[in-house]
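One structure is given below, encoded as structure tokens.
The values are calculated or read from the model by the stated rules, or taken from the named source; none is laboratory data. Not measured: the values here are computed from a predicted model. Ideal geometry is used to build each Cβ from the backbone, glycine not excepted, and the neighbour counts take in all protein chains shown.
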Amino acid sequence: MTGSWGLVVAGALLAWMPAAAGALFVSRVALGRACRAPVFRRPTLVLESDDWGAGSLAQGQVLRAIADTLARHRDATGRHPVMNLALVLAVPDGPAIAADGVYRRVELDAPMLAPVLAALREGASRQVFSAQLHGHEHFWPPTLIAS
């Protein structure tokens, strides 16, 4: 019985090897492209930071200062450095939650966060900020209420 299983395995391998070789041959151009990952000729500095957006009002001033700093610099082709900002769109509204025990949030477009949103938009219009979605919130509301 052991010998017959060995023959089955050997036969399967012998059938698989030419099929795999054929698949590699057919897709050799695509595989070659995939293996040539893009690289930069010169050192590159990547500016990324997360958890911007809904939150502290002090972010407005900080974002404006960062945008001003980035706007003062240019590369050899005249482009400004760009900071990738990972945005959080809402935070828990602690006082409202404490008042009635129901989960409430403050969204980035709330009037109280207007200075932060304005600073984000201003940096984007100056082409020194690039926004990406980091998340709607950092908290799972039912878990936050239960805690």
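Restricted to segment 26-52, and to residues that are touching a residue at least 40 places away in the same chain (Cβ under 8 Å) and of a type in the set (Asp, Glu), which residue is farthest from residue 88 (Cα to Cα)? The residue in question is 50.
If you go through segment 118-141, how many residues are in contact (Cβ under 8 Å) with a residue 24 or more places away in the chain and over 21 Å from residue 80 (Cβ atoms)? Number of matching residues: 8. Would you check which residues across segment 105-120 are of a type in the set (Val, Ile, Thr) and within 8 Å of residue 60 (Cβ to Cβ) and list them? Scanning segment 105-120 gives a single hit, 116. If the requirement is being out of contact with any helix residue (DSSP H, G or I) (no Cβ under 6 Å at 6 or more places or on another chain) and more than 30 Å from residue 116 (Cβ to Cβ), which of these qualifies: 23, 65, 71, 86? Only one candidate passes the filter, namely 23. If you scan segment 103-147, which residues turn out to be at pLDDT below 95, assigned to a helix (DSSP H, G or I) and not aliphatic (A, V, I, L, M)? Listed by number, the residues that qualify are 141, 142, 143.
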